[in-house]
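Here is the structure we will look at, set down as structure tokens.
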Amino acid sequence: MPKTAAKPFTPAQERFGTTVIGLMSAANVWLYRLTGGWLGGRFPGGAPVCLVTVRGRKSGQWRTVGVFVLERDGTRYLIAPRGDTQWARNLRAAGEGELRRRGRVERFRAVELPDEEKPALIQAYVDRWRWIVRNEFARLPDPSDHPVFRLESR
């Protein structure tokens, strides 16, 4: 069966989608914090959600968002499926943050990877969470559009 290219969203659909995703993300972070990760700690279907907290590059305020952490060969990675998002820009500027998973908090240093290292990691990410992230990667198929960070313990 041939693959069909993803149809681009209209500006109105893009704004609506961004608003809905933002509201869902805020609700997920709130539930996660309230229950120590028992609610909001898993995406429907069982995918584990972590919270990444990073200082805002302009405001200096702490910003938190739910993410999937890819582990490969003992190394953990954060991949921005929606492209160069605010959390990715903040992490790039700060170079460090905190990762929360079910009550555990870990400080990390983030190293952004060059474009030539991204394709295999992005493919592993898509293979692992295809049903959740496939539309984002169909909309932005070029690996260079997706920031990828290697997490190192501090």
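The table below gives the values:
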quantity	calculated
Size descriptor, Kirkwood hydrodynamic radius, that averages inverse alpha-carbon separations across segment 47-154, Å	14.0 Å
Length released on extending from residue 72 to residue 131, taking residue separation times 0.36 nm less the Cα-Cα span	19.3 nm
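Only the coordinates and a few stated rules stand behind these numbers; no lab work does. None of these values were measured; they are calculated from a predicted model.
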